[in-house]
1. Straight-line reach from residue 351: which lysines fall under 19 Å, measuring Cα to Cα and dropping same-chain residues less than 8 apart?
2. First check a/c for region 89-186, with a ≥ b ≥ c the square roots of the eigenvalues of its C-alpha gyration tensor; if it is under 1.5, answer rounded, and if not, answer prolate when a/b is larger than b/c or oblate otherwise.
3. Roughly how far apart, in whole Å, are the Cα centres of region 236-311 and region 186-224?
4. Which of the trypsin sites (Lys or Arg not before Pro) across region 142-214 are loop residues per DSSP, with 15 or fewer other Cβ within 10 Å?
5. Can you give me the P(r) profile for region 346-402? Cα pairs, bins 10 angstrom wide beginning at 0, each as a whole percent.
6. State the antiparallel share, in %, of DSSP beta bridges confined to the chain, rounding to the nearest 5.
7. Listing 113, 217 from the residue with the fewest other Cβ atoms within 10 Å to the one with the most, what is the order?
8. 222 nm [θ] for the chain, helices only, -39500 (n - 2.57) per DSSP H run of 4+, per residue, to 500?
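We did not get these values from a lab; they are worked out from the coordinates using the rules stated. Keep in mind the model is a prediction, meaning the values are calculated, not measured. Glycine gets a Cβ as well: all are built from the backbone with ideal geometry, and neighbour counts include every protein chain shown.
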Amino acid sequence: MLKRYFQPERETMSREDMKAHQSALLVEQVQHVYNNVAYYRERMDAAGVKPEDIHGIEDLHKLPMLTKADLRDAYPYGLLAVPLGDCVRIQSTSGTTGRRVVSFYTQHDIDIWEECCARAIVAAGGSNEDVCQIAYGYGLFTGGPGLNGGSHKVGCLTLPMSSGNTERQIQFMQDLHATILCCTPSYAAYIGETLKEKGISPDEIDLKAGIFGAEPWTEEMRRDIEKSLGIKAYDIYGLTETSGPGVAFECEEQNGMHINEDHFLAEIIDPDTGEVLPEGSRGELVFTSLDKKAFPLLRYRTRDICVLTREECSCGRTLIKMSKPMGRSDDMMIIRGVNVFPSQVETVLLKEGYAANYLIEVDRVHNSDTLDIYVELLPEQFSDTMRDITVREKQLAGAIKTMLGISPKVHLVSPKTIARSEGKAVRVIDKRKLHD
Ligand code: DLL
């Protein structure tokens, strides 16, 4: 049966009820972390805040903020707030130990996460009549497992495809009459292109909606995908730290994402000063997970830049909306859905015996990201036999793939050909026009 909302009592709650709900959970959550996580206790003690000082969301500003660096310091168990025996799952981002985020879940945390994803599926028109093809990666990445759980909760027939093997994706899509596709927007665009190459028109498939996220994408890309697949394309946002996809999702208005603020309390801050900005300002998104038990984050700085608005939405949801992320306040890039820091590339170069003279060029060709890495050879490595260079390029590309999880095209260039900078080195040229 077609439902408008997955959890109407939460998704259409009055502002007053939502505030009361958030306040009660925040008070409980602060006590939970203070009692169970030494890291939080020390940070709160240092800031002179006790759990008794937090009476509701109006006291949120008293709590210290948490950054990715804190997560790194606490890796892997330092922020765990329940006994390991209560945890049933971990998920993680890619990256080296230092950059990797490992998130822990109790069964209760998984249930909440899956409900959030179910809200996104229902908002995209999903019901138990649908066949939901999930082409996000499965495994440590949260995309596949999150949407998979959401799809089960809605009662869709779930196709746990994982990403890749596009021929097989298309075959299953046709044979099983998939109606909803969940994957990164760039993979959706690629599936669209492949359909065209194969001479299959959008009318010959049964897809009606797509739920795409994990990386920035433009309105232009939305239009392309909608046309090539014959669907309505919805955005979905989330991060491993807060659970995964489903922190926010788009409704039929396709104009900003509703934040599941009964679980994730959002603030916008000035990324330079940390000052909390009024609603409607552009700044860095900060989340407090209100009822996650195993790995609760208080005031976590996401580094994503966006705007929050509380305008009335024609879908009837009262949940606050966030704009599409408009960039980041750190140097993280998202390439083919994978989080990449330039420092990861540098680590590999140094380990493989190259100097840190390199340039990363990212572009988007036919809606698919390209990653070219130009690396200077040291004078003693310089050789004029092409064969030698090609072998080295392949070797280095393999080592970088092992680190990042995605394949770059490596170009070894002559010594002293990459421009030196007199100030901050320019390591990255991102030619994708992802943000307005
Ligand atoms: O990308 C979780 C996810 C999976 C979201 C599937 C949506 C769908 P991480 O790998 O930890 O988690 O990356 C989180 O990705 O801080 C944003 O910078 C970016 N991001 C996620 N969704 C969007 C989106 C998953 N819809 C980081 N638009 C976040 C733009 C997004 N950026």
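1. Once the sequence-local lysines are set aside, what remains near residue 351 is 394, 401, 409.
2. oblate
3. Their Cα centres are 27 Å away from one another.
4. Answer by residue number: 198.
5. 20, 51, 24, 5
6. Numbers: 39 of 64 bridges.
Roughly 60 percent of the beta bridges in the chain run antiparallel, per DSSP.
7. Numbers: 113 29, 217 24.
By the 10 Å Cβ count, ascending, the order reads 217, 113.
8. It comes out at -9500 deg cm²/dmol, rounded to the nearest 500.
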